[in-house]
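What follows is a set of notes on a single structure, which appears directly below.
The values are calculated or read from the model by the stated rules, or taken from the named source; none is laboratory data. Just so you know, these numbers come straight off a predicted model, no measurement behind them. Using ideal geometry, Cβ is built from the backbone for each residue, glycine included, and neighbour counts are taken over all protein chains shown. Heads up: the accessible areas ignore ligands, DNA and RNA and are worked out on the full protein's heavy atoms, side chains in. Shrake-Rupley method; radii C 1.70, N 1.55, O 1.52, S 1.80 Å.
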Amino acid sequence: MGCVFCNIIAGTEPAATIYEDDQSIAFLDIAPLAPGHTLLVPKEHYSSLAPMPAEYQGALMATASRLAVAVMKAVKADGFNLLVNNGTCAGQVVRHAHIHIIPRFCLDTLVLPPPGGRPPSQEKTRDIMDNIKQRLDGTLS
């Protein structure tokens, strides 16, 4: 069994497609968190956003932003979330990069992220910040 998103792109799996261009396709999620919950999927298979070339990521995000406004207007939402799950532990179910466009309503009960987090100490924050900065050397240029 292949990738379900690759099958949708190939036309061998059904989907409620709302948008398509040369690089991406968008369709309604089959298990929506809200009415209009849409998935934007790159046509080229990448297991997650991380290995995707930066220019492809940028084009995908620009498309997601435009689609999110259209989805929000179509379902009369008050806002939206753009959500990317990278890796199984982050909730990624299909191992093909995708962006969730989730319409939000002022009185909905969807909570992202869950409440109750505690801020780390200043020392822990500084350690994490320094650790991230060390790993960025040369990766963003």
Prolate/oblate/rounded call for the range 53-115, Cα gyration tensor, a/c under 1.5 rounded: oblate
Shape call, the range 1-96: gyration tensor on alpha carbons, a/c limit 1.5: rounded
Considering the chain, which cysteines have no disulfide-compatible partner, defined as another cysteine with its Cβ under 4.7 Å away? C89, C106
Provide the gained length on full extension for the span K124 to A70, in nm with one decimal, where the gain is 0.36 nm per separating residue minus the Cα-Cα distance. 15.4 nm
Tell me, what ³J(HN,Hα) does each residue in the range 32-42 have, in order and in whole Hz, if you take phi through Karplus 6.51 cos²θ - 1.76 cosθ + 1.60 with θ = phi - 60° and put x for Gly and Pro? x, 7, 7, x, x, 3, 10, 10, 9, 10, x
For the range 1-123, what does the accessible surface come to per residue with a 1.4 Å probe? Please give it in Å². 60 Å²
Which whole-Hz ³J(HN,Hα) couplings does the range 65-72 yield from phi under the Karplus relation 6.51 cos²θ - 1.76 cosθ + 1.60, θ = phi - 60°, glycine and proline marked x? 5, 5, 5, 4, 5, 5, 4, 4
Between the range 57-116 and the range 15-29, what is the separation of their alpha carbon centroids in Å? 15 Å
Rounded if a/c is under 1.5, else prolate if a/b beats b/c, else oblate: with a ≥ b ≥ c from the C-alpha gyration tensor eigenvalues square-rooted, which is the range 30-141? oblate
Hey, what number do you get for the chain at 222 nm if only DSSP H runs of n ≥ 4 count, each worth -39500 (n - 2.57), divided across all residues, to the nearest 500? -10000 deg cm²/dmol
Which distance in nm do the two modelled labels at Y19 and V94 give, with both placed 7 Å along the Cα-to-Cβ direction? 1.6 nm
